[in-house]
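Only the coordinates and a few stated rules stand behind these numbers; no lab work does. This one's a predicted model, so the numbers in the text were calculated from it and none came from an experiment. All Cβ positions, glycine included, derive from the backbone under ideal geometry; neighbour counts span all protein chains shown.
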């Protein structure tokens, strides 16, 4: 199926609000309106609180409703997408709520919880390749060309940018204190949609806002052309996404963070702040705090905590919980 491009936009003002006794008819109505919290001097958008447990719930809902509106997705069709996990989980949730079949194409070697979550929503999971998404993406494109299949093509589609520009970005701006505008946005680059789309929204409020992408130090693909295994799942999928290639001029800088630093910060967020999030959230806070230290003039730095810690129990938390458990006598 042809790559979807931006045309008419969905009116985000029709999204249900949390306040005022809104009557919801679907779990999809609960996507968005996540809190913005000051964490150690950085404004953090708590996207891990979305249904499906990540920021990708927004993209999944937005892209599927756009496809329905434009006649690209019809009852009985199958949604297919290549994903390292979060978008697959989110699309599986949307497919379940709307009655579509879902096929997630994932590489091996990633969080087992992410695989289990997609399957719990009734999706089929096809494992292709190892760790990086490159081979899975090729397979998803092949399947999407068949009749009865639709792929949002998250790494390429301007719908991804558009969702972040028209929904997430304005939502963050509305939550900042009165008169405050962002000086910098710091987020990891998976598809690039959040960095570019939210960045575009921020630049409408402050033309001088600086946009910084975060990559694992072990796999600085955009910064220096390297790919390697790392533990910050959801970013650095082994190639430069089409969204980043098209909008590269908007990015002011790229910040590498080591996996061990991200994981240590992730665990500290749970212990010290009660925020049970994944490794990319740790990487985001590490990078944002480094940015504030390097550029004290950037007073208002915004980032996201993009997914929940439950997706990484077997990888990062089970052993740590066991080791840290108090001895009771």
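When 100, 149 are ordered from fewest to most other Cβ atoms inside 10 Å of their Cβ, what list results?
149, 100
Extending each Cα 7 Å along its Cβ direction at residue 142 and residue 206, get the distance between those two points in nm, one decimal.
The two pseudo-label positions are separated by 4.7 nm.
Average projected area of the Cα convex hull of region 99-210, in nm²?
8.9
Under the Kirkwood approximation applied to all pairs of distinct alpha-carbon atoms, what is the hydrodynamic radius of region 57-150 in Å?
With all distinct Cα pairs of region 57-150 included, I get 12.9 Å.
For 313, 269, what ranking results if the residue with the fewest other Cβ atoms within 10 Å of its Cβ goes first? Present the calculation step by step, with values, prior to reporting the outcome.
Numbers: 313 14, 269 22.
Fewest-to-most ranking of 313, 269: 313, 269.
What does the extension gain come out to for residue 250 and residue 23, with contour length at 0.36 nm per residue minus their alpha carbon separation?
In short, 77.8 nm is gained.
Pairs of Cα atoms under 8 Å, at least six residues apart: use those to get the relative contact order of region 183-329, whole percent.
Once normalised by length, the contact order is 24 percent.
Using per-residue counts of other Cβ atoms within 10 Å, averaged over each peptide, order 151-159, 179-187 from highest down. Don't skip to the answer; put the middle values down first.
Details: 151-159: 25.0, 179-187: 21.0.
In descending order of packing, they fall as 151-159, 179-187.
List the relative contact order of region 42-100 as a percent without decimals, with contacts defined as Cα pairs under 8 Å and 6+ residues apart.
Answer for region 42-100 is 40 percent.
With an 8 Å cut-off on Cα pairs and a minimum separation of 6 or more residues, tell me the relative contact order of region 57-150 in percent.
Relative CO of region 57-150 lands at 31 percent.
What full-extension length gain, to one decimal in nm, is calculated for residue 260 and residue 120 as 0.36 nm per residue of separation minus the Cα-Cα distance?
Answer, rounded to one decimal: 47.4 nm.
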